[in-house]
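S.K.: Submitted below is the structure of interest, expressed as structure tokens.
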Amino acid sequence: MKQQFTGFALLFISIAALAQNNVRQFIGYKQNALNLEVTVSDGTYRIVCYNQNIVETTFLPKGESYNPESHAVVLAPNAFTPQLKDAPASLKYITPGITVEIKKAPFQIVYHYRNKQLLSEKNGYTKAERETLDFNLTTDEVLYGGGARVLGMNRRGNRLQLYNRAHYGYETKAELMNFCIPMVMSSKLYAVHFDNPAIGYLDLDSKKNNTLAYETISGRKTYQVIAADSWDKLVENYTSLTGRQPMPPRWSLGNFASRFGYRDQEMAMTTARHFNEKKIPVDAMIFDLYWFGKTIKGTMGNLEFDKENFPEPKKMLDDLNGKGIKPILITEPFILTTSKKWQEAVDKKVLATDAAGKPFTYDFYFGNTGIIDIFKPQARDWFWKIYKDLAKQGVSGVWGDLGEPEVFPSEAITVKGMADEVHNIYGHEWAKMIFDGYKKDFPDQRPFILMRAGYSGSQRFGMMPWSGDVSRSWGGLSGQPEIALEMGMQGLAYMHSDLGGFAGEYNDNELYLRWLQYGVFQPIFRPHAQELVASEPVYKDLLTMQQAKKQVELRYQMLPYNYTLAFKNHRNGTPLMRPLFFDEPDNTKLLGSSDSYFWGSAFLVTPIKKPGVNAASVYFPKGSHWYDFYQDYQYDGGSTETVPAPADHIPVYVRGGAFVPLTRIVYQNTEKYSQTDLNIHFYYDPSVATSSGELYMDDGKTPDAFEKDQYELMTFTSKVNDKTIIITINDKLGKNYPKATKDYQFHIHNLKKAPRAAFIGKAKVPTFSVGNGMYYIPVAVNPGETTITIEL
């Protein structure tokens, strides 16, 4: 252990001086195995390098002790010691990536990455009305983060409240919503995550003085600086810190029957029958409040089927599962004093309390209530037992609603602190409880956890977030790509919306179809609405139903591609929806744009967010040509074009050189899905000399299938010149995955004329014309390497 102390300790610091922070002086430092402690006149800095891309800084004011508990971080610091350089003017803590520079006089902490300054503390820690950490920004930085909001992609200039709260019926602006993530990301390719769940504010230069500030009522003064060389790597580094999303159950990428709500058993089974009769694919059915009560008010907390309207719940659940439709039930953390479980909850002491230790009760929309203390072990056990019993009856997924929590008075006390100290992690801990319960009691089942609120790192519990009670309007649709893109950057890549919109009685079939067209290319395909306007296509007029059915069918055709996106997210944290600036970080025109986005790396998608639109302006990113997904028409990368936007689809384009796996037929649900019978589409682009793609497969059910070697991963590579296209398929099987021949058709797009010849290995094979410059070759793929050569 190395120690050194210099200078002198101040005998007295006035409160005013501390608030202004004019007098902080460097005293000395101590280097330990995994951290650097820097002593200053009003406290201690504790600096930890997790690796060369992530560094954590904690400030401990005099009199405070270090609190190691983080609800966000799961990464352990690497066992390496950064290089320390002590000079008269500064102290440098150096890794191959991030360098922390501690300037001694005047005192300041500065962060560099690969010899480029990222940011610096301004006043550092101060305390007045709130405890604050602040930083200097450059004038040209674009800022993202703060969770789910509708403010524009560039959130600089806003002071964001950190207090998870629902915004019912929001449209074109929503300053505060259900997911408040205490993190900011910069166009300079760094992120700062403030590792403290207590409520507060994240000020992204609202005073126009080039200042980033984090304000909180209490708790840790800890933040992590994360840096990278690209946007994808920045998200990868952040999710290595806070955890990666497990692979979802494959059925969750299908279509949901969902509304507010199915009032009785007959209505639910009739809806399921309609989907089958009309041959519209469906994989899940979500039951809203009516499953436990005939009335909305007064019944919350019953948490058992209402036997009058659901007389045979076990039979209903069995019948739905038999049709390949997974039942999902809404639940809330509120136990009303009028509910069947109130006395049990009181007796078992599972509720948050008042100062006298009695259940804390209060009124809100649904009645007089208490709230489950989700942080209390016996409360978690009690709540999980309810979920466990429902799962044993045949319930396949959990919907956790109102988990901000919807109403959580500041005076309520939990075992982890006052309500305001834990408010923002309530939904996070709720999801953790369910995830841990499944892992213990249903270890062979991937959980589906739909949640309306969460926190940094909630993705590691398999949380499927959604964007709340959006207005059923064009204004409501307009902000949905922004919310999903921002949340994907912040680790929660399955953020999605109630397709068609939720709130209001506005019935517009054009809006409904445009929302579904967008929904095909967003993480979860779940139409949902208040009951006055049907959300399910089976209840639409014949023309609307037929058009909606095409979108549902396309969603199922996309399943092999989408499931591979889920795998990439699981392994690297890669968002399913990615902003265009991910590919062109230096293109300042793209830094604030959410009009178009990437769906994976192959697709460019432009949602239509206004009525009566039949054309759209689209920027085509550089690096390749782009091909109309529906007609193969070519557009040049780096150009902006006015493109058609017909009523039956939104503008969607495929990157030149991309490999896109699609199903050959449409299945009624994913239970019937076959991985041995697919079409692999290769978008030939003579300007792209080499390219690659992947197809990931497993059984769609087993948790941690990849980690258990129960998977198959195909890698496709292309080499192109003016005479040949050579496609190499490397098929790798995990040692515990069954071997099977895959009878695929390789579709080659954009050929000017028929190929002169085609070979698989050295064997000549026929090619078949599909029309419009597309040809296909049947290929039997087995483990190992297969080569396709096409002579032009």
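S.K.: Residues that are touching a strand residue (DSSP E or B) at 6+ places or on another chain (Cβ under 6 Å) and closer than 24 Å to Val605 by Cβ, at least 2 per element: which strands (runs of 3 or more DSSP E) completely within the stretch 636-737 meet that?
M.R.: It comes to 640-644, 652-655, 659-663, 678-683, 690-697, 712-720.
S.K.: Another question about this same structure. What's the number of the condition Asn750 fails, among (1) under 33 Å from the mean Cα position of the chain (by Cα); (2) under 16 Å from Val660 (Cα atoms)?
M.R.: (1)
S.K.: Right, next: Are any residues in the stretch 121-146 closer than 17 Å to Tyr223 by Cα and not in a strand (DSSP E or B), and if so, which ones?
M.R.: Arg130, Leu137, Gly146
S.K.: Only one residue in Gly592, Gly573 is small (Gly, Ala, Ser) and either without any contact (Cβ under 8 Å) to a residue 24 or more places away in the chain or at negative phi (or both). Which one?
M.R.: Gly592
S.K.: Could you identify the single residue in Val282, Val235 that is within 24 Å of the chain's Cα centre (by Cα) and either within 25 Å of Tyr50 (Cα to Cα) or in the same structural domain as Ser70 (by TED's automatic domain parsing) (or both)?
M.R.: Val235
S.K.: So, of the residues in the stretch 607-628 that are over 23 Å from Glu482 (Cβ atoms), of a type outside the set (D, E, K, R) and out of contact with any Asp or Glu (no Cβ under 6 Å at 6 or more places or on another chain), which turns out to be surrounded by the fewest Cβ atoms within 10 Å (Cβ to Cβ)?
M.R.: For the stretch 607-628, the residue satisfying everything is Asn614.
S.K.: With Asp698, Asp709 as the choices, which residue is closer than 24 Å to Gln245 by Cα, at pLDDT 95 or above, acidic (Asp, Glu) and exposed (fewer than 14 other Cβ atoms within 10 Å of the Cβ)?
M.R.: Asp709
S.K.: Further question: Could you list all residues from the stretch 121-134 that are charged (D, E, K, R) and either surrounded by 14 or more Cβ atoms within 10 Å (Cβ to Cβ) or at pLDDT 95 or above (or both)?
M.R.: Within the stretch 121-134, Glu121, Lys122, Lys127, Arg130, Glu131, Asp134 qualify.
S.K.: (1) in a helix (DSSP H, G or I); (2) over 26 Å from Asp498 (Cβ atoms): which one isn't true of Phe435, the others all being true?
M.R.: Unmet condition: (2).
S.K.: State the number of residues belonging to the stretch 320-344 that are more than 17 Å from Arg263 (Cα to Cα) and surrounded by fewer than 22 Cβ atoms within 10 Å (Cβ to Cβ).
M.R.: Matching residues across the stretch 320-344 total 11.
S.K.: Continuing with this model, one more query. Scan the stretch 294-319 and report the pairs whose first residue is on the phi > 0 side of the Ramachandran plot and whose second residue is among the aliphatic types (A, V, I, L, M), with Cβ atoms within less than 6 Å and a gap of 6+ or a chain change.
M.R.: Gly301/Ile335; Gly301/Leu336; Leu303/Ile386
S.K.: So which residues in the stretch 58-85 are of a type in the set (Gly, Ala, Ser) and within 28 Å of the chain's Cα centre (by Cα), if there are any at all?
M.R.: Answer for the stretch 58-85, where residues must be of a type in the set (Gly, Ala, Ser) and within 28 Å of the chain's Cα centre (by Cα): Ser70, Ala72, Ala76.
S.K.: Then there's this: Say we look at the stretch 516-536 and pick out the residues that are of a type in the set (A, V, I, L, M, F, W, C) and over 19 Å from the mean Cα position of the chain (by Cα); which of these is modelled with the lowest pLDDT?
M.R.: It comes out as Leu532.
S.K.: Another question, then. Which condition number does Tyr539 fail, the rest of (1) surrounded by fewer than 21 Cβ atoms within 10 Å (Cβ to Cβ); (2) among the aromatic types (Phe, Trp, Tyr); (3) under 21 Å from the mean Cα position of the chain (by Cα) being met?
M.R.: Single failed check for Tyr539: (3).
S.K.: Still on this structure, please answer the following. Would you mind stating whether Pro246 is under 30 Å from Tyr556 (Cα atoms), touching a helix residue (DSSP H, G or I) at 6+ places or on another chain (Cβ under 6 Å) and not in a helix (DSSP H, G or I)?
M.R.: Considered against the rule, which asks whether it is under 30 Å from Tyr556 (Cα atoms), touching a helix residue (DSSP H, G or I) at 6+ places or on another chain (Cβ under 6 Å) and not in a helix (DSSP H, G or I), Pro246 comes out as no.
S.K.: Right, next: Check Gln445 against each of (1) under 29 Å from Asp195 (Cβ atoms); (2) surrounded by fewer than 24 Cβ atoms within 10 Å (Cβ to Cβ) and name the one condition it does not meet.
M.R.: For Gln445, the exception is condition (1).
S.K.: Another question, if that's okay. Anything in the stretch 499-515 that is crowded, with 23+ Cβ neighbours inside 10 Å and under 26 Å from Asn614 (Cβ atoms)? List them, or say none.
M.R.: Leu499, Gly500, Gly501, Tyr512, Leu513, Arg514, Trp515
S.K.: Out of the residues in the stretch 738-747 that are in contact with a strand residue (DSSP E or B) (Cβ under 7 Å, 6 or more places away or on another chain) and surrounded by 14 or more Cβ atoms within 10 Å (Cβ to Cβ), which is nearest to Thr702 (Cα to Cα)?
M.R.: Step by step, filter the stretch 738-747, then rank; the result is Lys742.
S.K.: Cβ-Cβ distance below 8 Å, separation of 6 or more or different chains: which pairs start in the stretch 263-284 with a residue that is of a type in the set (Asp, Glu) and at pLDDT 95 or above and end on one that is part of a loop (DSSP other than H, G, I, E, B) and crowded, with 22+ Cβ neighbours inside 10 Å?
M.R.: Matching pairs, first to second residue: Asp264/Phe310; Asp283/Gly254; Asp283/Ile325.
Yes/no matrix, rows are residues, columns are (1) closer than 30 Å to Met285 by Cβ; (2) hydrophobic (A, V, I, L, M, F, W, C); (3) touching a Gly at 6+ places or on another chain (Cβ under 6 Å); (4) surrounded by fewer than 17 Cβ atoms within 10 Å (Cβ to Cβ):
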| position | (1), (2), (3), (4) |
| --- | --- |
| Val350 | yes, yes, no, no |
| Thr361 | no, no, yes, no |
| Tyr365 | yes, no, no, yes |
| Gln393 | yes, no, no, yes |
| Trp399 | yes, yes, no, no |
| Pro405 | yes, no, no, no |
| Thr414 | no, no, no, no |
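S.K.: Let me ask something additional. Looking at Ser467 and the list (1) within 18 Å of the chain's Cα centre (by Cα); (2) buried (at least 24 other Cβ atoms within 10 Å of the Cβ); (3) closer than 27 Å to Phe360 by Cα, which single condition is not satisfied?
M.R.: (3)
Results for (1) in contact with a Ser or Thr (Cβ under 7 Å, 6 or more places away or on another chain); (2) of a type in the set (S, T, N, Q), shown as yes or no for each residue.
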residue: Phe598; (1), (2): no, no
residue: Lys622; (1), (2): no, no
residue: Ser639; (1), (2): no, yes
residue: His649; (1), (2): no, no
residue: Val652; (1), (2): no, no
residue: Asn669; (1), (2): no, yes
residue: Leu678; (1), (2): yes, no
residue: Tyr683; (1), (2): no, no
residue: Glu694; (1), (2): yes, no
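S.K.: Here is a further query. If you check Thr44 against the conditions, is it farther than 24 Å from Arg460 by Cβ and not basic (Lys, Arg)?
M.R.: Working: farther than 24 Å from Arg460 by Cβ: yes; not basic (Lys, Arg): yes.
Considered against the rule, which asks whether it is farther than 24 Å from Arg460 by Cβ and not basic (Lys, Arg), Thr44 comes out as yes.
The values are calculated or read from the model by the stated rules, or taken from the named source; none is laboratory data. This is a predicted model, so every value here is computed, not measured. Ideal geometry is used to build each Cβ from the backbone, glycine not excepted, and the neighbour counts take in all protein chains shown.
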